[in-house]
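Notes follow once the structure below has been shown.
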Amino acid sequence: MSHHIVQTRDLYFTYPDGTAGLAGVSFLITHGESVALVGANGAGKSTLLMHLNGCLLPTQGSVQVGDLPVTKKTTAAIRRSVGMVFQDSDDQLFMPTVFEDVAFGPMNLGLSDQEVEPVVTGALQRVDALHLKDRPPYKLSVGEKRRVAIAAVLAMSPDILVMDEPSSSLDPKTRRELIALLRTFEHTKIIATHDLDLAIQLCPRTIVLSEGKVLADGPTADIFADDNLLAQSRLEKPLSMQNCPRCSPNSSPN
Amino acid sequence: MHVVDALVSPAVGGTFWAVSAGLIGYSCKKVKSEMSDSIVPLMGVTGAFVFAAQMINYTIPGTGSSGHLGGGMILAILLGPWAGFLVMASILTVQALFFADGGILALGCNIFNLGFWTCFVMYPLVYKKIVGRGLSPSKLFWAAMLSVIVGLQLGAFGVVLQTVLSGKAELPFTAFVLAMQPIHLGIGIIEGFITAGVVAFVAKAQPQLLDVSLPPSDKPAFSIKLVTVSLLIAAVIIGGALSWFASAHPDGLEWSMFKTSGSEELDTPDNSVYTNLSKLQEKTAILPDYGFKENEVSGAESQTAESWPAVSAGTTISGLVGGLLTLILAFGIGILLKLRKKTQASATI
Amino acid sequence: MTNLGCLDTLARQDSPIHRLDPRTKLLTTLVFIVMIVSFDKYQISAMLPFAVFPVVLIVLGNLPAGYLMKRVLWVAPFAMLVGIFNPLLDRQALLHIGTLEISGGWVSFASILIRFFLTVLAAFVLVATTGFNTICLSLEKIGVPNVFVMQLLFLYRYAFVLAEESSRMLRAWQLRAPLRKAMSMKTFSTVLGSLFLRTTGRAQRIYQAMCCRGFEGQLHPARRFHWRMADTVFLFGFCLLFAVFRFANPAVLLGKFVMGIFS
């Protein structure tokens with residue numbers, strides 16, 4: 001199943017006002033992988049994510065999803081296979097009700113009313129949010145919004161899930177539930193996050209970005225064990241690896 | 001200040017509904033053909049922005065509670081005339097439905113007053129002419145200031161005209177104008193300052209946002225606008241004449257009924273011409289003179305009161321009694337329905 | 001802003017009125033309002049029977065009458081402000097009850113208030129039984145351009161989000177300016193300016209989110225309206241009733257009848 005790969009080659013991007021976003025990013029992510037994308041604020045995580053589905057197009061270099069290069073012409077096809085969950089769910093849930101929002105994507109794919117109904121129901125069930133179906137998005141809690149936003153993406157049955165800070169502003173329990181939910185997905189996952197503990201739990205592989213470049217790319221456990229690398233990229237060891245007598249995995253049944 | 005349903009006549013309300021609907025259709029076409037798809041969420045969110053801004057607005061002394069901050073002008077500057085007009089229309093629609101600001105029938109009037117002058121007259125003819133190509137701070141300031149003030153004056157005048165033409169409020173034209181225009185001059189100056197301030201802030205932080213709203217080709221747009229303007233002025237005149245005609249007969253609908261059935265008394269038309277004339281007098285009178293004219297009118301009143309069916313005292317009293325009874329009946333129906341629902345509910349349990 | 005939410009919550013109930021096609025309610029309300037405003041300015045009694053329309057809808061639609069009344073009274077001062085000149089300017093005696101003389105101005109003032117009350121109540125009832133989004137979608141069915149309907153939906157959706165944002169900014173300002181009652185105009189326009197920049201940023205992200213899910217310029221709301229027999233009955237029933245009320249003035253007839261019995 002080589003067609004679910006995501007590959008970038010020497011990717012450069014400069015914003016219209018001259019700010020450099022990316023300065024030579026190359027990596028290859030194969031089918032079914034879960035990859036964490038970490039880095040300080042402004043390291044280029046979000047900019048990189050925007051390239052993976054053609055919201056931004058590279059100034060130089062290329063992005064390839066499956067067999068297709070990401071260009072203006074292929075974005076429609078790319079966006080069917082790359083589903084993106086935004087950081088602020090409010091940006092993503094713009095339709096009057098949860099049902100209509102989840103149906104937005106499938107309707108745009110040209111599905112009929114009868115076909116849309118089971119797709120939407122299925123997607124909502126997948127994230128355990130079917131009971132929210134008729135509610136307007138502004139009446140949902142942050143955690144519920146996040147679930148619905150994920151359902152809205154799942155409804156398009158993408159092969160690759162791209163997420164921007166999925167655990168931000170969630171309370172600890174909701175965060176834990178979300179991690180459990182994400183673990184059940186078999187999609188290729190690319191997750192940009194500051195939550196390094198989430199990265200450990202979900203992603204065997206981590207890519208570290210710093211100032212628009214790939215600083216390191218390898219097994220998550222190795223990367224988070226490298227104190228120099230973490231300091232250089234303005235990160236800190238995740239709590240579960242800090243050998244804290246109370247919270248490290250060795251001493252508590254967490 | 002809004003025109004309200006209670007004070008508008010169907011002729012005036014209908015005319016401006018038609019005019020505003022036409023403008024909305026035209027603007028939608030323009031937005032669709034000349035701007036990118038991304039303008040649509042921007043329009044919606046900017047409309048929400050105006051609502052949010054009004055929440056802060058209320059704490060400012062001097063603007064009054066119904067000051068519609070920036071209104072059409074700030075929207076025209078930030079989004080361009082067509083999108084700005086549509087957003088203004090949406091804001092007024094939400095206000096009419098949720099806050100009863102204005103009302104459904106008066107919506108057309110309000111969209112016209114607050115959206116048309118600012119987006120289609122002030123924006124191309126004043127704001128863009130002053131600002132030109134560059135974005136110099138002083139030019140921006142004066143362009144925003146001037147267009148807000150004049151736009152608001154025209155809008156306020158529209159309120160007066162529509163209310164007076166509708167003939168429901170007794171306030172004479174001159175007095176109404178003398179009250180409305182200076183108040184709106186004050187509001188306009190404050191809004192002008194704020195509009196200019198916001199525009200200056202945006203120009204400094206993200207000047208490209210303002211560039212987007214300056215369509216590159218202004219020549220063809222202008223001639224089309226000229227055509228629309230003249231069309232609209234014609235529409236206003238026709239609308240005015242229509243409602244004048246409607247007020248010449250106390251009520252257009254009743255008159256057409258009379259015409260088709262011939263059942264009304266013959267002297268009614270003469271009579272209403274008379275009342276119309278006295279109304280005309282009231283409208284042209286300024287406040288101090290009023291007492292004098294009132295005497296004249298009441299001298300002739302004794303003959304006319306009898307023959308005007310709606311005004312005859314006997315009918316009116318029985319009307320009032322009956323009205324109260326029907327009101328009680330209406331509520332009675334409500335209570336009955338409620339009781340029936342309760343018994344049904346308990347029956348199902 | 002709370003009013004937006006409240007009316008919308010009411011609209012999500014299930015009742016015979018809520019189940020009607022939104023176009024039915026929209027049209028009937030429009031006819032109702034046109035009928036009301038078409039009365040001449042001294043008319044009072046003939047308008048009162050019209051109260052039956054909002055009353056029936058409030059009861060059948062399970063709406064809290066008290067809350068709606070409060071909302072209406074809250075906006076009443078505006079109509080009073082304009083109408084209050086009538087008694088001052090129009091002092092012709094129009095009505096004699098015993099020795100009491102009532103001038104035309106007071107009659108037309110009362111008439112304005114009744115008009116105001118009925119039309120405003122009808123608008124509130126429409127929203128509370130239908131919901132704003134549904135009204136918008138039915139507008140599209142009636143022929144309003146898609147662009148207009150779409151941005152109306154966006155406006156409504158993000159009014160809540162931005163209201164929260166602006167109240168946060170207001171609070172942040174209050175906490176750091178405890179001695180001031182209100183912002184200076186300079187601060188105010190800066191606050192508004194930055195709120196606007198955040199707004200455009202959000203609009204951009206929303207647009208990206210839409211594109212990510214295959215948006216190509218048209219919104220297809222997954223909602224179908226069904227015009228049923230009940231809609232036809234409702235629309236024509238009420239229109240007929242309005243026509244009878246409008247042209248026959250049952251109030252006067254009833255009043256004459258009752259007074260005839262007692263005299």
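A few comments on the model shown:
- Of the strands (runs of 3 or more DSSP E) lying entirely inside region A:1-63, those carrying at least 2 residues that are of a type in the set (A, V, I, L, M) and more than 18 Å from the chain's Cα centre (by Cα) are A:20-29.
- Breaking point among (1) more than 7 Å from every other protein chain (Cβ to nearest Cβ); (2) closer than 27 Å to B:GLN54 by Cβ; (3) within 15 Å of the chain's Cα centre (by Cα), for C:THR9: (3)
- Residues in region C:127-155 that are under 11 Å from the mean Cα position of the chain (by Cα) and at the interface with chain B (Cβ under 7 Å from one of its Cβ atoms) were compared, and the one that is modelled with the highest pLDDT is C:VAL127.
- Scanning region A:92-102 for residues that are facing chain C (nearest Cβ under 7 Å), part of a helix (DSSP H, G or I) and under 13 Å from A:ARG135 (Cβ atoms) yields A:PHE99, A:GLU100.
- Filter result for A:SER112 (touching a strand residue (DSSP E or B) at 6+ places or on another chain (Cβ under 9 Å), surrounded by fewer than 24 Cβ atoms within 10 Å (Cβ to Cβ) and of a type in the set (Ser, Thr, Tyr)): no
- Test: residue in region A:27-34 that is more than 12 Å from every other protein chain (Cβ to nearest Cβ), of a type in the set (Phe, Trp, Tyr) and over 20 Å from A:ALA151 (Cα atoms): yes
- Single match in C:VAL75, C:VAL52 (criterion: facing chain B (nearest Cβ under 7 Å), closer than 23 Å to C:PHE238 by Cβ and surrounded by fewer than 23 Cβ atoms within 10 Å (Cβ to Cβ)): C:VAL52
- Residue that is polar (S, T, N, Q), assigned to a helix (DSSP H, G or I), modelled with pLDDT of 85 or more and within 16 Å of B:PHE98 (Cα to Cα), where the choices are C:THR29, C:THR9: C:THR29
- Residue within region C:59-72 that is of a type in the set (Lys, Arg), in contact (Cβ under 8 Å) with a residue 40 or more places away in the chain and facing chain B (nearest Cβ under 8 Å) present: yes
- Residue in region B:189-204 that is over 29 Å from B:VAL40 (Cα atoms), modelled with pLDDT of 80 or more and in the same structural domain as B:GLY71 (by TED's automatic domain parsing) present: yes
- Of the residues C:ALA172, C:ALA110, C:ALA122, the single one that is among the small types (Gly, Ala, Ser), in contact with a helix residue (DSSP H, G or I) (Cβ under 8 Å, 6 or more places away or on another chain) and in a helix (DSSP H, G or I) is C:ALA122.
- Filter pass, C:ARG224 being basic (Lys, Arg), out of contact with any Phe, Trp or Tyr (no Cβ under 8 Å at 6 or more places or on another chain) and modelled with pLDDT under 80: yes
- Annotation: of all residues in region C:23-49 being of a type in the set (D, E, K, R) and either at the interface with chain B (Cβ under 9 Å from one of its Cβ atoms) or surrounded by fewer than 24 Cβ atoms within 10 Å (Cβ to Cβ) (or both), the one that is nearest to B:ALA53 (Cα to Cα) is C:ARG23.
- Contacts under 6 angstrom Cβ, first residue in region A:69-91 being within 10 Å of chain C (Cβ to nearest Cβ), partner among the basic types (Lys, Arg) and surrounded by 24 or more Cβ atoms within 10 Å (Cβ to Cβ), 6 or more apart: A:SER89/A:ARG146
- Tabulated pairs, region B:29-47, first without any contact (Cβ under 8 Å) to a residue 40 or more places away in the chain, second among the acidic types (Asp, Glu), C-beta under 9 angstrom, 6+ apart or interchain: B:ASP37/C:GLU216
- Test: residue in region C:153-169 that is under 24 Å from A:TYR138 (Cβ atoms) and of a type in the set (Lys, Arg): yes
- Scan region C:12-22 for residues that are surrounded by 19 or more Cβ atoms within 10 Å (Cβ to Cβ), more than 12 Å from chain B (Cβ to nearest Cβ) and part of a helix (DSSP H, G or I) and the total you get is 2.
- Subset of region C:195-218 [touching a residue at least 12 places away in the same chain (Cβ under 8 Å), within 7 Å of chain B (Cβ to nearest Cβ) and of a type in the set (S, T, N, Q)]: C:THR199
- Those helices (runs of 4 or more DSSP H) lying entirely in region B:89-179 with at least 2 residues within 14 Å of chain C (Cβ to nearest Cβ) and under 26 Å from B:ALA200 (Cα atoms): B:137-166
- C:LEU195 vs. criteria within 30 Å of A:ALA77 (Cβ to Cβ) and surrounded by 18 or more Cβ atoms within 10 Å (Cβ to Cβ): no
- Checking each residue of region C:239-253 against the condition of being at the interface with chain B (Cβ under 8 Å from one of its Cβ atoms), at pLDDT below 85, over 30 Å from A:GLY83 (Cβ atoms) and not in a helix (DSSP H, G or I) gives at least one match.
- Boolean, C:ALA163 is small (Gly, Ala, Ser), touching a Pro at 6+ places or on another chain (Cβ under 7 Å) and either touching a residue at least 40 places away in the same chain (Cβ under 8 Å) or not in a helix (DSSP H, G or I) (or both): no
- Of residues in region B:6-39 being surrounded by 20 or more Cβ atoms within 10 Å (Cβ to Cβ), of a type in the set (A, V, I, L, M) and more than 7 Å from every other protein chain (Cβ to nearest Cβ), the one farthest from the chain's Cα centre (by Cα): B:MET35
- Boolean, B:VAL3 is over 19 Å from B:PHE120 (Cα atoms), at pLDDT below 90 and more than 9 Å from chain C (Cβ to nearest Cβ): yes
The values are calculated or read from the model by the stated rules, or taken from the named source; none is laboratory data. Quantities reported herein were computed from a predicted structural model and do not represent experimental measurements. Every residue, glycine as well, gets a Cβ built from its backbone with ideal geometry; the counts of neighbours run over all protein chains shown.
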